Each structure stands twice: as structure tokens, then as C-alpha cells.
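Before any comments, here is the structure.
The values are calculated or read from the model by the stated rules, or taken from the named source; none is laboratory data. Since the structure is predicted, the reported quantities are computational estimates derived from the model, not experimental observations. Don't worry about glycine lacking a Cβ; one is built from the backbone with ideal geometry, like all the others, and counts go over all protein chains shown. Note: areas computed on protein heavy atoms with side chains; ligands, DNA, RNA excluded. Shrake-Rupley method; radii C 1.70, N 1.55, O 1.52, S 1.80 Å.
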Amino acid sequence: MISSIEPIVVTGPAKAETVALLRTIAASVAARRDMDVVAIEEFRIAVDEAATLLLLGGHASRLEMSILPTNEAGVEVRVRTDLDGSAFHIDRATSWPWRVIRQLTRGAELTVDDGGAQVAFLVGEGPEA
Amino acid sequence: MSQDHPGRDAEDPVVADLFARMPDRAARDELARRYLPLAEHLARRFGGRGQQHDDLVQVASLGLVNAIDRFDPSREVRFTTFATATIVGELKRYFRDRGWGVRVPRSVQEATMQVNRVMGSLWQELGRAPTVADIVARTDLTEESVLEALEASRAYTSASLDEPVGEAGTVAGDLIGGHDERFDVSEEWLAMAPKLRTLSERERRILYLRFFQDMTQTEIAEEIGISQMHVSRLLTQSLERLRDPA
């Protein structure tokens, strides 16, 4: 994805309060990209589900969201926990949050490595991730 | 309870016997125990409106006990129907007494009502979902206030209370484990989200159409015959309920 601006990065404890904060920031960015209220709400849901999926995957201490408006009218999002990848357990085939994320976003990817687990996706207009 | 009553309660000799023993305390306790899942189910349906789940279960349980005390087995009404009406009445009274969740300031409440009003007419005028800028242009609110109002609308307690709790003519008991068609709660669904059983048939249908049939909210609204705004709200509430660890 191409962007000439820096991402907004928000980080906090891996708790429900942080999820609410991420959701609010996502909605604010979406509104500034002129998304309609349905797209904003679905974006909010996608962030909620991404954070839920990561928190369900295992015990993490930090939750982080990086949000980057693309040159098109879209937004690239990465939600991440600092959980050790080897301790992360989610079966994509049976995960309800993962199904929701895939349906509401484009190019959704779940990656796990030594540094943590991450859900990345695109919303709004623009090319595939 | 006479033998010719319609409905499942009349056919359940244990329940009939328990009502015949009323006001025996043990019978009353057993009835309350048996129908507690119905009270919990109805309490969940009133969730996401700014009140604590435990408080709602307590209110619903009180409604259940009132229903048990007041139920007349000689009348041809199923107990689940009578209990659902009594419990929902109790929950509505609770919300009427409290209105908004205490954490929503008055200014945000007013903004939310204004946004909801304007959003409905904009949706019709524009033929599409409005943007935040559309709403700002139609009100005296800032973009931040509109966003805050949209978020706060999840805690709004009175507008949606009069909506039916399920499909017309069904009671909550019918919705638990009942047979659906395309949107049946299959094993695949349940493995993904066990709480799907707690949702109404209509809520499950919306989730199925959105997440298994890849339909947009507009298409779902047309299919079901409700507004897109209503679909959006039901979708959000259903997903929140599935996420709720309570």
C-alpha cells in the first residue's frame, strides 16, 4: 500500500478499555475519510473483532493499533499484541471473529511471529493489501 | 392445568403438577429454577443499553417470580407466553425508571437523539447511508459530537425497547434451539460462536446473510423488510452480545 503520511499508532494495556479507545480512534479516522455511517460502524466492528481475536489467542500485556490512511479513500489497519507467537492459539477455520473480520474488510491477514500476533486489513476504497 | 390446553407447558406433567401445588414454596422454587434460563435470555436481549447485565438478570428474575405467582393455569395461555410478557414488562419499567445509562451526559443524550432523527431522514433523502459530514451539515453539531453520539447510541435505552423481542408471534422459549431454515444454528455455527443460540431468529438470520452469504446491509434490509439503519443496529448489538463474556 502506498502512503505519504505517517501512521497513527495507539498502544495500551491488553484490556477492554484499550479496545474501546481503538474503536473510537478508528471511527474518527473513518469519518475523516468520508466513510458513511454504515462503513464507520463496520470498521469499528472489525477493530473490535481483531482485538477480541488477539486477546482470545493468548495472554498478552500490550495491545497496539497502527492506522494509516492510504492515498485512495481507504485505511490500512494493523492490530497487534506482544504475545509470544508460540503461545498464540486460534484456529482460523472455526474462529468467529476471524470470519467477521474477513467479511467486513479486504486483504485480511493474521500473522504470528516471535514478536507477537497481528491482524492486518484494509477498509474503504483502495487496492487489495 | 386442564388436559386440553394448547402449548408445551400443558403437555409437561411436571410443570402442571408444580402449578397445581402452588403456592407451595418448594414448587415455586422449582418453577423459578426451571424457567430461570428464560429470564436470563430476556435480560440479555435488553443488554447493550447502558445497564449492568447482573442487574438486568435480577430484574428479569423478579419478573419471573411475579409471573409464577400470578399465573392462572386454568386460562389457556402458555406459561412461557405469560412469563415473557411479565418479565419484559418488568425490564421495560426498569429502563423507564432509569432512562439513559448514568455515564452518558445530558448533552450527548440530546446529540444522539438529534443525530438519530436527522440520520433517518438523510437516509431516505440521499438513498444511501449518510456520512458524518452529511449529518454535521444538517445539525449544529461538530464532527466529534456526531461521532460521540453514534458511539453513545449503543447506550440509548428507550428507542428500541418497544421493538418485538423476536419474530411476530414467537416467544423467547421458541427462539432457543428452535428450527430455522437457511440460517439454522448448525454445528459449524455453534463451534464458532456458542452464544448464537441466545440470539433471536431474526438476529441469527442477519448474521448469516452478512457473514455467510456476503450480503450488504442494504441487501439484507430489502430481504428482511426493515430499514438499513435497523439492520445496522441489530448487527452491532448481536455481535456485541456474542463477544460479551458474561
Whole-Å semi-axes of chain A's equivalent ellipsoid, largest first, each the root of 5 times a Cα gyration tensor eigenvalue? 23, 15, 14
Efficiency of FRET between residue B:36 and residue B:213 - r from beta-carbon atoms, R0 41 angstrom, step 0.05: 0.70
Around residue A:73, under 10 Å between beta carbons, what's the net of Lys plus Arg minus Asp minus Glu among the other residues? -2
Inter-probe distance in nm under a simple model that places probes 7 Å from Cα toward Cβ, at residue B:21 and residue B:116: 4.5 nm
Which residue, chosen from A:56, A:11, A:117, occupies the Cα position most advanced towards the positive end of the dipole of chain A, where the dipole is computed from +1 (Lys, Arg) and -1 (Asp, Glu) charges on Cβ about the Cα centre? A:56
Accessible surface, 1.4 Å probe, highest first, among residues B:144, A:49, B:151: B:144, B:151, A:49
